[in-house]
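Colleague: Right, I'll just put the structure down here and ask away after.
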Amino acid sequence: FGLLTTGESLGKVLGYLFTPIIVVLFSIQDLFTFAAFSFGISFAFLYVLSRRNSEKLEVPHEHHDHDHDHKHEGEIARTGFKVFGFLQKKLKDPFFGLAGLFAMLSTLVLYFIHYSFLDRVEVHFSDVEQLAIFFGFFFSFGKLLNLLKKTLLFSRLFWRLKIGQMIMILPLSLGLITLVGMIGLLFIDNNLIFLLWIFGLLMLLDEIIRSSIHLPAYFVLFQPLNKHKRLEGHTLAKGYMEP
């Protein structure tokens, strides 16, 4: 799981490094056009891969449960609450309930950190080009460390630590930096600069650890389940609880 997203990390490192140049040379309209074109190419790749590997992507269903689910979903669909019915059914299971709740809380923390960091940065940078340069170097550095962690450290940690311990690395790290920030506010006069550093560290830690250790370890939790249950777990976490 750690190695599967190394291509994404490399692309982001290069993208962030080119950001200062792109902002100077191209207009916002050009950037939107380029982004749309890139998404189109990605969709074409996805379509070809899915067609060539259609058999591997099929998930065998358990006939008894499948028939029961069809009847249950039919009743729910008639009342207009299919999504809520799925959630109610899955969250009653102790494993799915805790895994889904954990996915939701993790996403809340992600967006809280991101938007708090962006709010602090906006106070310090009023010029668009300066902001682009800062973001370019900051995020490319974070993605580079993330890439090194995925390729060099994840497999070693996987064999030395338990899955639960690996999942807790991110919340414990973020909790420690948050505690330092709360204590520092009591003793430091220039709170604006201090908060920028604190949220910058939180953002950097989240960038480094989340996709290289936290998410791969989280998805390993679902691996012992059969294919049907594993798909339901991924759907619950990524399709419902995170959004």
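Colleague: Indicate the gyration tensor shape class of region 99-243 (rounded, prolate or oblate), computed on the Cα atoms with a ≥ b ≥ c the square roots of the eigenvalues: a/c under 1.5 is rounded; otherwise a/b larger than b/c is prolate and the rest oblate.
Modeller: Verdict is prolate for region 99-243.
Colleague: Test of understanding: in a Gaussian network model of the chain with alpha carbons linked when under 10 Å, which of F18, F37, F135 would top the mean-square fluctuation ranking?
Modeller: Looking only at F18, F37, F135, the biggest GNM fluctuation is shown by F37.
Colleague: Label 7 Å along Cα→Cβ of L148; region 161-184 residues with amide nitrogen under 19 Å?
Modeller: From region 161-184, the list is 170.
Colleague: Right, something else. Go ahead and set up a Gaussian network model of the chain, Cα springs under 10 Å, then flag whichever of Y111, Y47, Y16 fluctuates most.
Modeller: Taking springs between Cα atoms under 10 Å, the residue moving most is Y47.
Colleague: Please report, to one decimal in angstroms, the Kirkwood hydrodynamic radius of the chain built from all distinct Cα-Cα pairs.
Modeller: Result for the chain, one decimal place: 21.1 Å.
Colleague: For E55 and A35 in the same chain, what is the full-extension length gain: residue separation times 0.36 nm, less their Cα-Cα distance, in nm? Can you show the working numbers first?
Modeller: Working: separation 20, 0.36 × 20 = 7.20 nm, distance 3.13 nm.
This chain segment gains 4.1 nm when fully extended.
Colleague: So, by mean Cβ neighbours within 10 angstrom, what's the order for 142-153, 174-185 with the highest one leading?
Modeller: Result, highest mean Cβ count within 10 Å first: 142-153, 174-185.
Colleague: Nearest 0.05, what FRET efficiency do S155 and D189 give at R0 = 51 Å with Cβ-Cβ as r?
Modeller: The calculated FRET efficiency here is 0.65.
Colleague: Once R0 is set to 45 Å, what does the formula 1/(1 + (r/R0)^6) return for the Cβ-Cβ distance between T178 and F26, expressed as a FRET efficiency to the nearest 0.05? Please report the intermediate quantities before stating the final value.
Modeller: On the way: r = 38 Å, r/R0 = 0.84.
After rounding, the FRET efficiency stands at 0.75.
Colleague: Separation between the K92 and S42 pseudo-spin-labels, each 7 Å from Cα along Cα→Cβ, expressed in nm?
Modeller: Calculated label separation equals 3.8 nm.
Colleague: Another question, then. Quick check: Cα centre of region 14-39 to Cα centre of region 142-216, how many Å?
Modeller: Here the two parts' Cα centres lie 29 Å apart.
Colleague: Tell me which chymotrypsin sites (Phe, Trp or Tyr not before Pro) from region 168-206 have a DSSP coil assignment and no more than 14 other beta carbons within 10 Å of their own. Walk me through the intermediate numbers first.
Modeller: Details: sites: F187, F194, W197, F199; in loops: F187.
Within region 168-206, the qualifying chymotrypsin sites (Phe, Trp or Tyr not before Pro) (loop, at most 14 other Cβ atoms within 10 Å) are F187.
Throughout, read-outs are computed from the coordinates displayed, never taken from laboratory work. Nothing here was measured: the structure is a model prediction, and the numbers come from that model. Here Cβ is always computed from backbone atoms with ideal geometry, including for glycine, and neighbour counts include all displayed protein chains.
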